[in-house]
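Okay, structure first, notes after.
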Amino acid sequence: MGYVIAGVVVLLVVVILVWAATQYNALVRVRNFIQEAWRQIDVELERRHDLIPNLVETVKGYAAHERETLESVTKARQDATAPGQTPAEQAHTEGVLSQALMRMFAVAENYPQLKASTHFLELQRELTNTEDRIAAGRRFYNANVRTLNTKVETFPTLLIAGMFGFTRAEYFEVDDPAVRQVPTVDLSGQ
C-alpha cells in the first residue's frame, strides 16, 4: 500500500512539473512573439523616420515660408526617434509626429506645384504604405500582448508567471484623437 501512495505522489509531482514547464514555455513563447513584433514595428518606424527629412526638404522647396510647420515635423521626428522609449511612450511620440505630418500635408494643399511634384507624391505614397505596415504590426504586437497579459492574469498560469517574473506588457496604442474620431458622413448635398 505504501508503494502505491508513493507512486501516486511521484506521478502527481511529475504531472505538476510537466504542466509547470509547459506553462513556462508558453509564457516564454508569447514574450518572444511580443519582442519580435516590436522589432518589426521598430523597423517600420525607422523607415517612417527616414522618409520624413526628404519629405520636409521637398515641402521646404515649395513652401519655404511655412517654417513653423516644418520645424514642428522635424522636432516631432527627433522626439519619436529618441532611444529607450516604452511602447506607450513611443505611441505618444508617434502620435505627435502623425499630427505634425497631417499639418504639413494640409499646408501642402495650398501649393498646387508641390501637390503635382512626382517626388512629393512618391514620398507621400511611401509614407502611406509605411503607415499601413505600422498599423498591421501594431495589431500583431497588441494581439500578442493581449495573449501574454491574459496568461499572466489568469489562474493557474499566474502562479508560474509570478514565480518567474513574467509581468503584463504594454500595448502600443494610438493616442491621436483624430484617429479615434468617428468620421462624419454628410449625404445631404446629394
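Which residue, of THR22, THR69, is part of a helix (DSSP H, G or I), more than 30 Å from VAL152 (Cα to Cα) and among the β-branched types (Val, Ile, Thr)?
Working: THR22 fails: more than 30 Å from VAL152 (Cα to Cα).
Just one listed residue meets the conditions, THR69.
Here are some residues: VAL43, VAL4, VAL10. Which one is under 16 Å from the mean Cα position of the chain (by Cα), farther than 18 Å from TYR171 by Cβ and without any contact (Cβ under 8 Å) to a residue 24 or more places away in the chain?
Numbers: VAL4 fails: under 16 Å from the mean Cα position of the chain (by Cα); VAL10 fails: under 16 Å from the mean Cα position of the chain (by Cα).
VAL43 is the lone residue from the list that is under 16 Å from the mean Cα position of the chain (by Cα), farther than 18 Å from TYR171 by Cβ and without any contact (Cβ under 8 Å) to a residue 24 or more places away in the chain.
Say we look at the range 45-80 and pick out the residues that are touching a His at 6+ places or on another chain (Cβ under 9 Å) and surrounded by 17 or more Cβ atoms within 10 Å (Cβ to Cβ); which of these is farthest from ALA143 (Cα to Cα)?
THR58
Run VAL4 past the list (1) among the hydrophobic types (A, V, I, L, M, F, W, C); (2) assigned to a helix (DSSP H, G or I); (3) under 30 Å from PHE166 (Cβ atoms) and report the number of the one that doesn't hold.
Of (1) among the hydrophobic types (A, V, I, L, M, F, W, C); (2) assigned to a helix (DSSP H, G or I); (3) under 30 Å from PHE166 (Cβ atoms), only one is false for VAL4: (3).
Being at pLDDT below 90 and either touching an Asp or Glu at 6+ places or on another chain (Cβ under 7 Å) or within 30 Å of GLN23 (Cα to Cα) (or both): is that true of VAL145 here? Talk me through it step by step, then tell me what you get.
On the way: at pLDDT below 90: no; either touching an Asp or Glu at 6+ places or on another chain (Cβ under 7 Å) or within 30 Å of GLN23 (Cα to Cα) (or both): yes.
Judged against the criteria, VAL145 is not a match.
Among the numbered conditions (1) free of Cβ contacts under 8 Å to residues at least 60 places away in the same chain; (2) more than 24 Å from VAL28 (Cβ to Cβ); (3) of a type outside the set (Val, Ile, Thr); (4) out of contact with any Leu (no Cβ under 6 Å at 6 or more places or on another chain), tell me where ALA91 comes up short.
All conditions are met except number (1).
The values are calculated or read from the model by the stated rules, or taken from the named source; none is laboratory data. The structure displayed is predicted, hence computed values, not measured ones. Quick reminder, even Gly has a Cβ in these numbers, built from the backbone with ideal geometry, and neighbours come from all protein chains shown.
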